[in-house]
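One structure is given here, and the rest of the page talks about it.
Coordinate-derived values only; no laboratory data. Worth saying up front: this structure is predicted, and the values here are computed from it rather than measured. Positions of Cβ are backbone-derived with ideal geometry, glycine not excepted, and every protein chain shown enters the neighbour counts.
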Amino acid sequence: VNEPLDPNYLKLEENEIYVRSLVSVPFKDDMLLEKAFIQMFDSAEKRILLSTPYFNITDNILKAIERAADRGVHIELITRLDLKGD
């Protein structure tokens, strides 16, 4: 999870979708989830649709989002807005 995915890793057709699921225990797994988000944003070529109930945008993730946006990647985030008690 340290490097961007090779664009040829998935031979998706034009309308196919790749879904990735990851379970993480923050600060117990060497920031695996942060690394996976960065890999996803750095590997995207066209579009990212991210749905997660909790999304802690670290500085490193924000930089990866900005790099993707600068490349013209369309990014949609679906997450909670009310994080009272978190």
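Things worth noting here:
- In order along the range 56-73, the phi-based Karplus estimate (6.51 cos²θ - 1.76 cosθ + 1.60, θ = phi - 60°) of 3J(HN,Hα) comes to 8, 7, 7, 4, 5, 5, 4, 4, 5, 4, 4, 4, 5, 4, 4, 7, x, 6 Hz; Gly and Pro are listed as x.
- When each of the peptides 32-42, 70-80 is scored by how many other beta carbons lie within 10 Å of its residues on average, the order from highest to lowest is 32-42, 70-80.
- Residues whose placed amide H lies under 5 Å from that of I75, excluding near-sequence neighbours: I48
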